[in-house]
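Note sheet for the following structure.
The values are calculated or read from the model by the stated rules, or taken from the named source; none is laboratory data. Just so you know, these numbers come straight off a predicted model, no measurement behind them. Please note: Cβ atoms are built from the backbone with ideal geometry, for glycine as well, and neighbour counts cover all protein chains shown.
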Amino acid sequence: MQAADGVNRLVSEPDEFGHWGRYGGRYVPETLVAPLEEMTAEFMRAQGDASFWEEFHELLRDFSGRPTPLFRAHRLTEYAGGAQIFLKREDLSHTGSHKINNAVGQALLARRMGKRRIIAETGAGQHGVATATVCALFGLKCIIYMGAEDVRRQALNVFRMRLLGAEVVTVNAGTRTLKDAINEALRDWVTNVHETYYLLGSALGPHPYPLMVREFQSVIGREAREQILQRTGKLPSALVACVGGGSNAIGLFHPFIADGQVRLIGVEAGGRGELLGQHAARFHAAPGSGGHLEGVLHGTRSYVLQDEGGQIATTHSVSAGLDYAAVGPEHAYLHDNGRAEYLSATDDEALQGLKLCAEREGIIPALESSHAILPALNLAKRLTKNDAIIVNLSGRGDKDVQLIASAEDTTA
């Protein structure tokens, strides 16, 4: 798309059916077609309703604590010895992560639709906590599906959800992680479709979820853009964010997509090896291992980790929020057209990034966000002090402390 100044500027918007190029769409049982169409129509009406956005931003301000700061990480900058490193402090949002932005938006939409029963899935537990929080705020019944392995890894967040009044359903099927939690949530929705709203937590799933979640999370990038211009007088050289389903990354990236001079860098979970089943790097699977093939998972077409028979592959990450077999369709689109770059960081690199951030800045990031720290430092070393990098610190690490201690005991 060519602007008036003659510069080609990429726009990243889906068509009316939710496709970014060949990715996205709506691949669901017939039972869910009508509720998804109802949701899409209501969301489109809400988009044009100034009072909806006024209440959304009022709640983000007064309940969630926005805007979140853009913090200049002096000692990480000194450690890298190059570009200025800024941390977008989503970890300071109410409930401890960016997930509250989307939860508030979708809860408002559910209320507009007259839905009083909310279901959700969660991996690291942050989306579950955010959903339980807004359900308590609005007086809605809340059921959270969570894989048994994630229940074990994220016991603190399970307690927080229950304390907020949510029912937490442990899923023992499959790999007992996020994929299986989504499966169970979808089964619930099919069974109880008339009274239930499914509050999906990431920028994936059938249309309109990838678009809707992106719109609610784009507050991150809009704030970061205004903040960095105030601080430095120019746009950053790069944005860096972890990518599981991809909501925190697309929320940061989207307001900068038209700015071709700003590199958009997503970091996937490299896990503990290159073989299928040892990681969750959808764009970086080893050749000959099955790996990064296009496919459909949970209602949308994207890059999906599969074995050679086309079965969804087992995944692994030290972080419960990144071990998902697919990636949001807009990320697949941005990958293919080259607007965004996708790297991977291993479990060990994530733990190293976490320790550096904790020891040098007094901030303990979530293991998910920690995947972005070393790649950002490595990039900063190749740039000058006149450049700036924004790292999205999408969540805080309180939930991961016991897991980090166990990992250190294992490697000691």
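If the condition is being within 22 Å of the chain's Cα centre (by Cα) and outside any strand (DSSP E or B), then the range 168-181 contributes THR175, ARG176, THR177, LEU178, LYS179, ASP180, ALA181.
Residues of the range 279-297 that are modelled with pLDDT under 95 and out of contact with any strand residue (DSSP E or B) (no Cβ under 7 Å at 6 or more places or on another chain): ALA286, PRO287, GLY288, SER289.
The rows are residues; the columns are (1) more than 19 Å from GLU330 (Cα to Cα); (2) in the same structural domain as PRO29 (by TED's automatic domain parsing); (3) touching a His at 6+ places or on another chain (Cβ under 8 Å).
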| residue | (1), (2), (3) |
| --- | --- |
| ILE228 | yes, no, no |
| ARG231 | yes, no, no |
| LYS234 | yes, no, no |
| GLY251 | no, no, yes |
| PHE256 | no, no, no |
| ASP259 | no, no, no |
| VAL262 | no, no, no |
| VAL267 | no, no, yes |
| LEU275 | yes, no, no |
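Among residues of the range 154-167 being modelled with pLDDT of 95 or more and assigned to a loop (DSSP other than H, G, I, E, B), the one that is surrounded by the fewest Cβ atoms within 10 Å (Cβ to Cβ) is GLY165. Of all residues in the range 10-25, none that is free of Cβ contacts under 8 Å to residues at least 40 places away in the same chain and under 13 Å from MET212 (Cα atoms) has its Cβ atom under 9 Å from the Cβ atom of a residue that is of a type in the set (Gly, Ala, Ser) and assigned to a strand (DSSP E or B), 6 or more apart or on another chain.
Provide a single number: the residues in the range 335-366 that are touching a strand residue (DSSP E or B) at 6+ places or on another chain (Cβ under 9 Å), closer than 15 Å to HIS74 by Cα and in contact (Cβ under 8 Å) with a residue 40 or more places away in the chain. Total satisfying the criteria: 3. Of the helices (runs of 4 or more DSSP H) that lie entirely inside the range 1-105, those containing 1 or more residues that are of a type in the set (A, V, I, L, M, F, W, C), surrounded by fewer than 17 Cβ atoms within 10 Å (Cβ to Cβ) and not assigned by TED's automatic domain parsing to the domain that holds ALA224 span 30-47, 50-59. When we screen ILE119, ILE100 for residues that are of a type in the set (Val, Ile, Thr) and over 16 Å from the mean Cα position of the chain (by Cα), the only hit is ILE119.
Is there a residue in the range 167-178 that is assigned by TED's automatic domain parsing to the domain that holds VAL28 and in contact with a Ser or Thr (Cβ under 7 Å, 6 or more places away or on another chain)? Checked against the condition, which is being assigned by TED's automatic domain parsing to the domain that holds VAL28 and in contact with a Ser or Thr (Cβ under 7 Å, 6 or more places away or on another chain), the range 167-178 yields at least one hit. Residues that are assigned to a helix (DSSP H, G or I) and surrounded by fewer than 24 Cβ atoms within 10 Å (Cβ to Cβ) within the range 109-153 comprise LEU109, ALA110, ARG111, ARG112, ALA136, LEU137, PHE138, ALA148, GLU149, VAL151, ARG152, listed in sequence order. Looking only at the range 64-88, residues that are under 19 Å from GLU215 (Cα atoms) and either modelled with pLDDT under 95 or out of contact with any helix residue (DSSP H, G or I) (no Cβ under 7 Å at 6 or more places or on another chain) (or both) come to 0 in all. Return yes when LEU276 is part of a loop (DSSP other than H, G, I, E, B) and either surrounded by fewer than 20 Cβ atoms within 10 Å (Cβ to Cβ) or modelled with pLDDT under 95 (or both) and no when it is not. The answer is yes for LEU276.
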